[in-house]
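Trainee: This is the structure I want to talk about, given as structure tokens.
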Amino acid sequence: MGSKVALARTRTREGNAAGSREIRDAVYRALDMIDYSPPTPPETVAIKPNLRFYWDYSTGETTDPRVVAAVIDYVRDRWNPAALISVVETDASAMRTRHAFPMLGFDRMAEEKAVSLVNLIGDEMIEREVRVAGRAITVPIPRTLNDVDLFISCPKLKVGPYADGNALHITCTLKNLFGCIGKRRKVVYHRHLDEAIVAVNKQIPPHVHVVDGIVALGTRPVRLGLIIAGTDAIAVDSVAARVMGYNPSRVKQITLAEREGVGTRRRVETVGEDVRQLAREFPKRGQMGFKLTWSLQLSMLRMYTRLTGDALPPALD
Amino acid sequence: MIRIGVVGFGKMGRMHFKAARYVRDATVVAVADGSQRALDAAGRQGVTALYEDYREMLSSPAVDAVVITLPNFMHEEAITDAARAGKHILVEKPLARSSEECAHIAEAVDKWGVTAMVGHNYRFFPSVKRLKQEYDSGAIGDTVLSTLELVSGPLVPSLESRPIPNWYMDSERMGFWLLDLGYHVIDLFRWFFGDARVVHAYLDRHYGFPHEDSAAILLDSSSGTKGTVHVGWFSKQIFPTFDFRIILHGTAGFASTDQYTPANLRVHAALEGTKNFMRRITGRRIHPLSYTFYYPSYVEELQGFVDSVRTGSQPPVTIQDGWETVRIIEEVYGIATLSPALAQSASLGQREPVPQTERT
């Protein structure tokens, strides 16, 4: 049996960004369309936004706290008004949640919604060996995410360079779970990034995915006013890839995750907004363009400094 | 040959270390840093005299001068220690966190008779130098109005995956937030137009920093030029883009640093890189970091310091320059109007998650 992926948009997109009420409405419509209900009312709920570094939602880099606030409202309205809800994130190589939560507006949102903010780096970790594409991978997984009744991933809709600037990938719900690895220096997994992403997704698959595409990121931030919701990570990321102008069959993390049984692209029913129209609006970032403007430039610069004895500024070290 | 010890081997310490490779009559002989990781990095760069405690380095007769790139809250103590040890001093800006600290520093430098300079590297930007020349020549007449803008800060990404240092996010150890970026443009205003007075200032924040992250300041000067200063710490801009400019509006015309900044920094980098390559193969000195356009400022700044130490002349930027800039920043905070978001938050630790459309 396949799954349903819903796309809903805010009415206001141009000029100033949509307000909280419109975002809440779009989140509700998207979640209503996928018609999901937990088998039993969840007592504990964990919501994982994408808080890469300290850039706020307007840059297209991090999840909008208003989207998370709307998801919290939805959980209480539809599934369990008494659910104990946590918004979770882990410190990363260059990001500390103690700064990111207040800087990005999550402190205030958590206070208003009476939910807790949790840095999972302090959690008890489960370390299991998982095989991905024949490779044995062990990543520390916070026990909270293993034990929680309902796990919701709230990624950002974006594409950008990561893995030390050597790769260009779509970043949606599969990649959002990379941020759950209970280790600060996640850069150590960049060498086998896709495998590490899949390893986490195999161990703690979220029950629901609510993608923040209110401001998405391609070659530049774009106000799409979009929410994507679904219950299958592969289905959601495949639709997200198509919105961003990519063929999901050529996105390694999607194909690898599908082979490893994380989800399926088969019989996906897409409801709501027109994906092709969204793809026309999304400023697609091409692999070739990225390699020319980033990797190649950096390689040439390093070769230049070797040939001439010139220096690199610390920002490019 | 001036033998330099670098105190603090973080981002700025490494910048000065790299710049020193191209400075005449100077060499870096020692590095001090409390972090073993930083010392290991310095060791890999060929530095053999490595110190966990900078005081040990100050006692070494093999060091003539120090470049201090410690966090702001350590400047006063490090400078006074270095002066007492008879070492000449280049301190990364800001000079200190307060006028009081600046006064202690000035007293120590005077007492021990060392050369001391503050690293105001923006004065050495090619575009700033050319604008200053045009201003000084009288080509634009009397400058009645000026605009100085700088938006940068810790959100500018780096290839290096390291968190922003804790002291940078700590108001106590950082000092006034304007000491970071506002310091540069306020110093430039003084350098161009003379003594400055703060007429008005408005502070706000976009992010939930524990302090403001944007400022709009109106300055008046002894030469009569008014200045509007915009400073921001909220931008994610990618190297090599750089949001900085000075605009002068004069009675005979106008001029801007933008006129002297390459329109396309990538094309500029390619051209400068090619020139350096040719210089290299024909045995001439390269123009270090010229491909970046603004980083050569660190080489020129350090050269100015070394030349002052060698000749005993006044350095290009004095302790008084740094002190006066700190004093003006204190004046800003003395009269500034705070935005509702700043004024309402006692801790200044939480951001208003209100979208821009809903702000009043």
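Trainee: So, in segment B:185-231, how many residues would count as being at pLDDT below 95 and open to solvent by less than 10 Å² (accessible area, probe 1.4 Å)?
Mentor: Adding up the residues that qualify gives 5.
Trainee: Can you tell me which residue within segment B:279-294, out of those that are of a type outside the set (Lys, Arg), within 15 Å of B:Arg21 (Cα to Cα) and more than 7 Å from chain A (Cβ to nearest Cβ), is most open to solvent (accessible area, probe 1.4 Å)?
Mentor: Across segment B:279-294, the extreme among qualifying residues is B:His287.
Trainee: What is the residue count in segment A:50-65 for residues that are outside any loop (DSSP other than H, G, I, E, B) and facing chain B (nearest Cβ under 7 Å)?
Mentor: 2
Trainee: Just one of (1) at pLDDT 95 or above; (2) open to solvent by 80 Å² or more (accessible area, probe 1.4 Å); (3) more than 23 Å from the chain's Cα centre (by Cα) trips up B:Gln320, so point out which.
Mentor: The number of the failed condition is (3).
Trainee: Looking at segment B:31-45, is at least one residue of a type in the set (A, V, I, L, M), crowded, with 18+ Cβ neighbours inside 10 Å and touching a helix residue (DSSP H, G or I) at 6+ places or on another chain (Cβ under 6 Å)?
Mentor: yes
Trainee: Looking for something over 24 Å from the mean Cα position of the chain (by Cα) and surrounded by fewer than 19 Cβ atoms within 10 Å (Cβ to Cβ) - is there at least one such residue anywhere in segment B:301-316?
Mentor: Yes, some residue in segment B:301-316 is over 24 Å from the mean Cα position of the chain (by Cα) and surrounded by fewer than 19 Cβ atoms within 10 Å (Cβ to Cβ).
Trainee: Right, here's the next one. Which one is farthest from the other protein chains (Cβ to nearest Cβ), of the residues in segment B:254-273 that are surrounded by fewer than 12 Cβ atoms within 10 Å (Cβ to Cβ) and not β-branched (Val, Ile, Thr)?
Mentor: Only one residue tops the list, namely B:Ala263.
Trainee: Tell me which residues, restricted to segment A:34-54, are open to solvent by 10 Å² or more (accessible area, probe 1.4 Å), under 16 Å from A:Gly213 (Cβ atoms) and not polar (S, T, N, Q).
Mentor: Across segment A:34-54, the qualifying residues are A:Ile34, A:Arg52.
Trainee: In segment A:9-49, what residues are assigned to a loop (DSSP other than H, G, I, E, B) and basic (Lys, Arg)?
Mentor: A:Arg11, A:Arg13
Trainee: Can you list residue pairs whose Cβ atoms sit under 7 Å apart, with the first residue in segment A:72-96 being modelled with pLDDT under 95 and the second being surrounded by 19 or more Cβ atoms within 10 Å (Cβ to Cβ) and charged (D, E, K, R)? Count only pairs 6 or more apart in sequence or on different chains.
Mentor: A:Ala92/A:Lys186; A:Ser93/A:Lys186; A:Met95/A:Arg52
Trainee: Quick check: anything in segment B:71-85 in contact with a Ser or Thr (Cβ under 9 Å, 6 or more places away or on another chain) and within 30 Å of B:Arg285 (Cα to Cα)?
Mentor: Within segment B:71-85, not a single residue is in contact with a Ser or Thr (Cβ under 9 Å, 6 or more places away or on another chain) and within 30 Å of B:Arg285 (Cα to Cα).
Trainee: Still on this structure, I have one more. Please state which one of B:Glu149, B:Glu172 is touching a residue at least 24 places away in the same chain (Cβ under 8 Å) and more than 23 Å from B:Tyr122 (Cβ to Cβ).
Mentor: B:Glu172
Trainee: Take segment A:238-254 and flag every residue that is over 12 Å from A:Leu174 (Cα atoms) and either in contact with a helix residue (DSSP H, G or I) (Cβ under 8 Å, 6 or more places away or on another chain) or free of Cβ contacts under 8 Å to residues at least 24 places away in the same chain (or both).
Mentor: A:Val239, A:Arg242, A:Val243, A:Met244, A:Gly245, A:Asn247, A:Pro248, A:Ser249, A:Arg250
Trainee: B:Ala196 versus (1) closer than 30 Å to A:Met103 by Cα; (2) more than 14 Å from chain A (Cβ to nearest Cβ); (3) in contact with a Ser or Thr (Cβ under 7 Å, 6 or more places away or on another chain): which is the lone unmet condition?
Mentor: Only one criterion is unmet by B:Ala196, namely (1).
Trainee: Tally up the residues in segment A:67-95 that are buried (at least 20 other Cβ atoms within 10 Å of the Cβ) and facing chain B (nearest Cβ under 7 Å), please.
Mentor: 1
Trainee: Can you name the condition, by its number, that B:Asn276 falls short on among (1) open to solvent by 20 Å² or more (accessible area, probe 1.4 Å); (2) within 9 Å of chain A (Cβ to nearest Cβ)?
Mentor: Status for B:Asn276: all satisfied but (1).
The values are calculated or read from the model by the stated rules, or taken from the named source; none is laboratory data. These numbers come from a predicted model, not from an experiment. Virtual Cβ from ideal backbone geometry, glycine too; neighbours counted across all protein chains shown. Surface areas here come from the heavy atoms of the whole protein model, side chains and all, with no ligands, DNA or RNA. Shrake-Rupley method; radii C 1.70, N 1.55, O 1.52, S 1.80 Å.
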